[in-house]
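J.: The structure that follows is given in the form of C-alpha cells.
The values are calculated or read from the model by the stated rules, or taken from the named source; none is laboratory data. All of these numbers come straight from a predicted model, not from anything done at the bench. Here the Cβ is made from the backbone with ideal geometry for all residues, glycine too, and neighbour counts use every protein chain on show. These area figures cover heavy atoms from the full protein model, side chains too; ligands, DNA and RNA do not enter into them. Shrake-Rupley method; radii C 1.70, N 1.55, O 1.52, S 1.80 Å.
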Amino acid sequence: MELPRLQTIWEKYRNQGFEVIAIESNRETERAVKFIEEAKLGFTCLENGEDESEVVEGVFQVWGYPSSFIVDRQGRIMYYHLGFDEGDEKVIEEEVLSLLEG
Amino acid sequence: MRRHSVGLAVFLGVLVVLGCGGQADKQISAGAAYEQAQEKLDTLDNPQEEVLIFEEFVRAYPDSEEAIDALGAVIYLRSKKLDDLDGAVSFAQTAWSMAIDPKTRFEYGVRLHEISVEAGNPVDLRVIADELAADRPLDFVEHLAVVEEAEKGGEWELMLEHSASMGQFANAETFRADYPDDDFSDERVDFSVKRRRGWASAYQGAALVHLDRVDEAMAVFEGVADLSTLSNYVGVPEIPLNRYWGKAELIQGRPERAAELLAPDALMGRDDSALDDLRAAYIATNGTEEGFESYALAVRQSIATVIDDVTLDNYSGDPVSLASMGGKVFVMAFWNPG
C-alpha cells in the first residue's frame with residue numbers, strides 16, 4: 001500500500017517544505033477514516049467532491065489507483081506515477097528530494 | 001507432457017499430493033474454491049506456501065477464469081519472490097498443457113510466453129495466437145496482447161501482422177459492439193476509437209522500424225500525426241505513438257525532432273526505453289552526454305502542467321485548497337480503500 005510509505009517520506013521531509021495530500025476518490029468515508037487512523041497518517045487527507053465538485057476524474061483525469069502526482073514549488077506536475085510496486089517509494093523519494101533541493 | 005513438467009519441479013512430491021487433493025474437491029465451483037483458497041492465503045505470509053495453494057488451484061480448475069489469475073500469482077511468486085524463474089516457466093507450461101478451452105489456453109499461453117522471454121528461452125508465440133485464431137477471430141484486446149508479447153520477444157513479423165489487425169477495430173461500430181452493455185457517449189466512443197487507431201499505427205510503425213522498413217514506418221506515423229497530442233492531464237501520451245515515432249526519427253538522423261517527440265514519455269512517466277532514446281538523441285545533437293540531467297530538468301519544467309487549484313474537505317469538514325500549499329513540494333496521492 002502506498003499511503004503508509006508516503007507517511008515515512010512525509011515524516012522525513014515535512015520540515016523542509018514538503019506535504020502529502022491524499023484524495024480518496026470514492027467517498028467511502030467510514031472505511032477511509034478507519035484506514036487513516038489505523039495507519040496513523042499525519043498528512044493532509046481529503047475527500048473527493050460529489051457531482052459537480054468531483055475532481056479526481058473530472059479535473060485530474062485519474063482512473064487508475066493508486067496514482068500520484070509530484071508537484072514542485074511552482075505548482076508544476078513534474079512526475080506522474082501510476083500503480084505502486086515495492087521499491088516505488090524510493091523513486092518517489094528521489095523525485096521529492098531533487099525538487100526540494102532544486 | 002504434464003508428467004514431464006511436474007518432474008522438472010524440485011518439490012514434485014508435495015505437488016503431486018496437493019494436485020490429487022485438488023481433483024477430489026471438484027464438486028464445488030471454481031469460484032467457491034478460489035474463495036476458499038483466498039481465505040487460506042490470508043492466514044499465510046510466506047511465498048513458498050502461498051505458491052503451492054495457487055498451483056493446487058490451477059491443477060484442480062485449469063479451465064476456470066480464476067485459474068488465469070492464479071497462474072499470474074504463481075508466476076509472480078516464483079519469479080519475483082522465490083528466485084525460481086525456471087520453476088515459473090515450468091509451471092506455466094504445465095498449466096498450458098492442462099487447459100482445454102481455447103480462450104484459457106490463449107491466456108495461459110500469453111503468460112507463458114512472457115515469462116519464457118524473461119527466462120531467455122521464448123516459446124513460440126505464433127503457435128499460441130494461431131491456435132485461438134483457428135477457433136474464432138481474435139478480438140482487439142487479444143490482438144493487442146499478441147502485439148505486446150511479440151514486442152517483448154522481438155518477433156517483429158508477428159507484431160506487424162497483429163497490429164495491422166488491430167486497425168480493423170478502430171471504428172465506432174466495432175467499439176460499441178465490443179461493449180454491448182455500456183451506453184457510451186459519442187465523445188467517449190470517438191476518443192476510444194482514436195486511441196485504438198493510435199495504438200494500431202504506433203505498433204505497426206514500431207515493428208516496421210525493427211524490420212528496417214523505416215520509410216514505411218514514417219508513412220504510418222505521419223498518417224496518424226493528428227493523434228500525437230492525445231495525452232492525459234499531466235501531458236503523458238495515452239498511446240505509444242510518439243515514443244516509437246521519436247525512435248524512428250532518431251534512426252533517420254533527426255535527433256532534435258526525436259527529442260521533442262520522446263520527452264513527455266521519457267521524463268514525465270519514467271519510460272526507461274524512451275529515456276534511453278532521449279539520451280541518445282541528446283548525445284547525437286550535442287556530441288556528449290554531459291549536461292543531459294540539467295537539460296532533462298529544464299525540458300520537464302517547460303512541458304509540465306501547472307496543477308489546477310481545487311478545494312476539497314478534510315475529514316474534520318474543513319475546506320482545504322491546493323493553493324494553500326503555495327511554495328511547497330507536494331505529492332498528491334489518489335486512492336480509495338477498495
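J.: How many residues are under 27 Å from residue B:332 (Cα atoms) and either open to solvent by less than 10 Å² (accessible area, probe 1.4 Å) or among the hydrophobic types (A, V, I, L, M, F, W, C) (or both) if we restrict to the range B:216-239?
T.: 4
J.: Taking the range A:73-102, which residues are within 9 Å of chain B (Cβ to nearest Cβ), surrounded by 14 or more Cβ atoms within 10 Å (Cβ to Cβ) and either closer than 11 Å to residue B:332 by Cα or at pLDDT below 85 (or both)?
T.: A:77, A:79, A:80, A:81, A:82
J.: Whether any residue in the range A:9-16 is of a type in the set (Lys, Arg), surrounded by 15 or more Cβ atoms within 10 Å (Cβ to Cβ), more than 7 Å from chain B (Cβ to nearest Cβ) and under 30 Å from residue B:80 (Cβ atoms) is what I want to check.
T.: no
J.: Consider only pairs whose beta carbons are under 6 Å apart and that are at least six residues apart or on different chains; among these, list those whose first residue lies in the range B:55-81 and is over 12 Å from residue B:94 (Cβ atoms) and whose second residue is of a type in the set (Ser, Thr, Tyr).
T.: Listed by first residue and then by second, the contacts come to B:63/B:104; B:66/B:34.
J.: Going by what's in this entry, would residue A:27 be described as open to solvent by 10 Å² or more (accessible area, probe 1.4 Å), at the interface with chain B (Cβ under 7 Å from one of its Cβ atoms) and not small (Gly, Ala, Ser)?
T.: Considered against the rule, which asks whether it is open to solvent by 10 Å² or more (accessible area, probe 1.4 Å), at the interface with chain B (Cβ under 7 Å from one of its Cβ atoms) and not small (Gly, Ala, Ser), residue A:27 comes out as no.
J.: Which of (1) within 15 Å of the chain's Cα centre (by Cα); (2) under 25 Å from residue B:321 (Cβ atoms); (3) at the interface with chain B (Cβ under 9 Å from one of its Cβ atoms) does residue A:59 not meet, given it meets every other one?
T.: Of (1) within 15 Å of the chain's Cα centre (by Cα); (2) under 25 Å from residue B:321 (Cβ atoms); (3) at the interface with chain B (Cβ under 9 Å from one of its Cβ atoms), only one is false for residue A:59: (1).
J.: Quick test for you: out of B:213, B:188, pick the one residue that is open to solvent by 20 Å² or more (accessible area, probe 1.4 Å) and at pLDDT 95 or above.
T.: B:213
J.: Right, another one. So for the range A:33-45 (the condition being on the phi < 0 side of the Ramachandran plot, without any contact (Cβ under 8 Å) to a residue 24 or more places away in the chain and touching a Leu at 6+ places or on another chain (Cβ under 6 Å)), does at least one residue qualify?
T.: Within the range A:33-45, none of the residues are on the phi < 0 side of the Ramachandran plot, without any contact (Cβ under 8 Å) to a residue 24 or more places away in the chain and touching a Leu at 6+ places or on another chain (Cβ under 6 Å).
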